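Engineer: Got a structure for you, questions after.
The values are calculated or read from the model by the stated rules, or taken from the named source; none is laboratory data. Computed from a predicted structure; not experimentally measured. All Cβ positions, glycine included, derive from the backbone under ideal geometry; neighbour counts span all protein chains shown.
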Amino acid sequence: MTDRWVEVGQGVLVRRHDELDLSTGLVIGDRGCLVIDTRCDLGQGAELAEAVRALTSLPWQVVITHAHFDHCLGTAALLPATVWAHLGCRDDLAAGGARQHAEARQHGFGAAEQVRPVVPDRVVAQRSELDLGGRQVVLAHLGPGHTDHDLIVAVPDAGVVFAGDLVEQAAPPAFEDAFPLHWPGTVSAMLALDVLTRWPTHSKGPTVVPGHGHPVDRRFVTTQRDELADLAAGCQAVVAGRLDIAGLLRRSPFDAATTRTALHRATAGNPTPCRLRPADETG
Ligand SMILES: [Zn+2]
């Protein structure tokens, strides 16, 4: 696969990238456009900027769905621009980017580019609306999930939601910074948005764009929400002593490594944390 645009609505495009099967986005209005996420490093951000400029010369704004390196380290290549993010994302990036660069290096990116990440200058607490000229775009934080600061980007007139990593198509959901017990409810809140429930059934879509992998439909997201809920219930059963870890690994909809990370996150803030032991992981 080479990087390419996929149109998911009129003037609403997904750019599919080779690295990490990542998706970025572009929403084009009459007076401006919005770029959604900026890739893994400055060079990739510059390629994205060039690809946007091949489609439109309108002034752009940028929104970062969350502070993981693959979604935010290319932002400097799009400056000057207004950059939107959730408060938690802003604070994370304002810390200087050491964590993002370490994660990027782990994945083989950005070794030569130790620049500080761009700190977003416009903060979303729960919901903001942007007027791009002739169309509104909604930025919303629906609760903890993949991180504590995920933003979704809804384009109501096109029936499209960019979900960031709240939804994953290319791989299992990633739990390293997640809130496994809250994540299913946050996806339910997304599924309940007007943009997804009131889209005319005779039309194509509605479409949800995951942070990684191909655009998906409501059914895919509903199934993934149910899997997240199964895993959350299993983690709660382990915490309550009703299920052992081997039993959780057997019933989990996800692979063992994903399940163990989710359990660790689910119990990290618990007053009686459950400890993983090597013997627990073999059953
Ligand atoms: Zn992520």
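Engineer: Got at least one residue in region 118-135 being touching a helix residue (DSSP H, G or I) at 6+ places or on another chain (Cβ under 6 Å), assigned to a strand (DSSP E or B) and farther than 26 Å from T267 by Cα?
Structural biologist: Yes: region 118-135 contains one or more residues that are touching a helix residue (DSSP H, G or I) at 6+ places or on another chain (Cβ under 6 Å), assigned to a strand (DSSP E or B) and farther than 26 Å from T267 by Cα.
Engineer: Looking at region 22-46 only, could you name the residues that are over 23 Å from L132 (Cα atoms) and modelled with pLDDT of 95 or more? Lay out the reasoning, then the answer.
Structural biologist: Within region 22-46, the subset over 23 Å from L132 (Cα atoms) is 22, 40-44.
The one that is over 23 Å from L132 (Cα atoms) and modelled with pLDDT of 95 or more: L22.
Engineer: Being surrounded by 19 or more Cβ atoms within 10 Å (Cβ to Cβ), away from the ligand (no atom under 16 Å from the Cβ), touching a residue at least 60 places away in the same chain (Cβ under 8 Å) and under 20 Å from the mean Cα position of the chain (by Cα) narrows it down to one residue among L42, L34; which is it? Step through it out loud before you land on a result.
Structural biologist: Working: L42 fails: surrounded by 19 or more Cβ atoms within 10 Å (Cβ to Cβ).
Selected residue: L34, the only one of L42, L34 that is surrounded by 19 or more Cβ atoms within 10 Å (Cβ to Cβ), away from the ligand (no atom under 16 Å from the Cβ), touching a residue at least 60 places away in the same chain (Cβ under 8 Å) and under 20 Å from the mean Cα position of the chain (by Cα).
Every residue, every condition in (1) closer than 19 Å to D177 by Cβ; (2) assigned to a loop (DSSP other than H, G, I, E, B); (3) in contact (Cβ under 8 Å) with a residue 60 or more places away in the chain, yes or no:
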residue	(1), (2), (3)
A67	yes, yes, yes
V83	no, no, no
A102	yes, no, no
L139	no, no, yes
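Engineer: Let me ask something else. Looking at L231, L181, L248, L191, can you tell me which residue is in contact (Cβ under 8 Å) with a residue 60 or more places away in the chain and of a type in the set (A, V, I, L, M, F, W, C)?
Structural biologist: That would be L181, the only listed residue that is in contact (Cβ under 8 Å) with a residue 60 or more places away in the chain and of a type in the set (A, V, I, L, M, F, W, C).
Engineer: So, R127, is that one touching a Gly at 6+ places or on another chain (Cβ under 8 Å) and surrounded by fewer than 16 Cβ atoms within 10 Å (Cβ to Cβ) or not? Walk me through it before giving the result.
Structural biologist: On the way: touching a Gly at 6+ places or on another chain (Cβ under 8 Å): no; surrounded by fewer than 16 Cβ atoms within 10 Å (Cβ to Cβ): yes.
No; evaluated as a whole, the condition is false for this residue.
Engineer: Filter region 63-98 down to residues that are of a type in the set (G, A, S) and away from the ligand (no atom under 16 Å from the Cβ) and give me whichever is farthest from G45 (Cα to Cα).
Structural biologist: Residues of region 63-98 of a type in the set (G, A, S): 67, 74, 76-77, 81, 85, 88, 94-98.
Those still in the list that are away from the ligand (no atom under 16 Å from the Cβ) too: 76-77, 81, 94-96, 98.
Details: A76: 7, A77: 5, A81: 13, A94: 19, A95: 21, G96: 18, A98: 19 Å.
The residue in question is A95.
Engineer: For region 155-176, name all the residues that are out of contact with any His (no Cβ under 6 Å at 6 or more places or on another chain) and surrounded by 21 or more Cβ atoms within 10 Å (Cβ to Cβ).
Structural biologist: Across region 155-176, the qualifying residues are V155, A158, G159, V160, V161, F162, A163, V167, P173, F175.
Engineer: Separate question: Does region 46-65 hold any residues that are within 17 Å of V14 (Cβ to Cβ) and in contact (Cβ under 8 Å) with a residue 24 or more places away in the chain, and which are they?
Structural biologist: Passing the criteria: E47, L48, A49, A51, V52, L55, T56, W60, V62, V63, I64, T65.
Engineer: Is it the case that L132 is away from the ligand (no atom under 16 Å from the Cβ), in contact with a Cys (Cβ under 8 Å, 6 or more places away or on another chain) and within 28 Å of R53 (Cβ to Cβ)?
Structural biologist: Numbers: away from the ligand (no atom under 16 Å from the Cβ): yes; in contact with a Cys (Cβ under 8 Å, 6 or more places away or on another chain): yes; within 28 Å of R53 (Cβ to Cβ): yes.
Taking the combined requirement at face value, the residue satisfies it.
Engineer: Of the residues that sit in region 204-223 and are in a helix (DSSP H, G or I) and touching a Leu at 6+ places or on another chain (Cβ under 9 Å), which one is farthest from S188 (Cα to Cα)? Lay out the reasoning, then the answer.
Structural biologist: As a first pass, look at region 204-223 and keep what is in a helix (DSSP H, G or I): 218-223.
Within this subset, residues satisfying the condition of being touching a Leu at 6+ places or on another chain (Cβ under 9 Å) are 218, 221-222.
Values: R218: 11, V221: 9, T222: 8 Å.
Only one residue tops the list, namely R218.
Engineer: Further question on the same structure: Does R39 fit the bill of being of a type outside the set (A, V, I, L, M) and within 23 Å of Q136 (Cβ to Cβ)? Explain how you work it out, then say what you get.
Structural biologist: Working: of a type outside the set (A, V, I, L, M): yes; within 23 Å of Q136 (Cβ to Cβ): no.
So R39 fails the test.
Engineer: When you check E19 against the structure, is it of a type outside the set (A, V, I, L, M), within 16 Å of the chain's Cα centre (by Cα) and on the phi < 0 side of the Ramachandran plot, yes or no?
Structural biologist: On the way: of a type outside the set (A, V, I, L, M): yes; within 16 Å of the chain's Cα centre (by Cα): yes; on the phi < 0 side of the Ramachandran plot: yes.
Yes; evaluated as a whole, the condition is true for this residue.
Engineer: I'd like the full set of residues that are among the β-branched types (V, I, T) and away from the ligand (no atom under 16 Å from the Cβ), limited to region 147-205. It would help to see each step written out before you state the result.
Structural biologist: At the first step, the residues of region 147-205 found to be among the β-branched types (V, I, T) are 147, 152-153, 155, 160-161, 167, 186-187, 195, 197, 201.
Scanning region 147-205 gives V155, V160, V161, V195, T197, T201.
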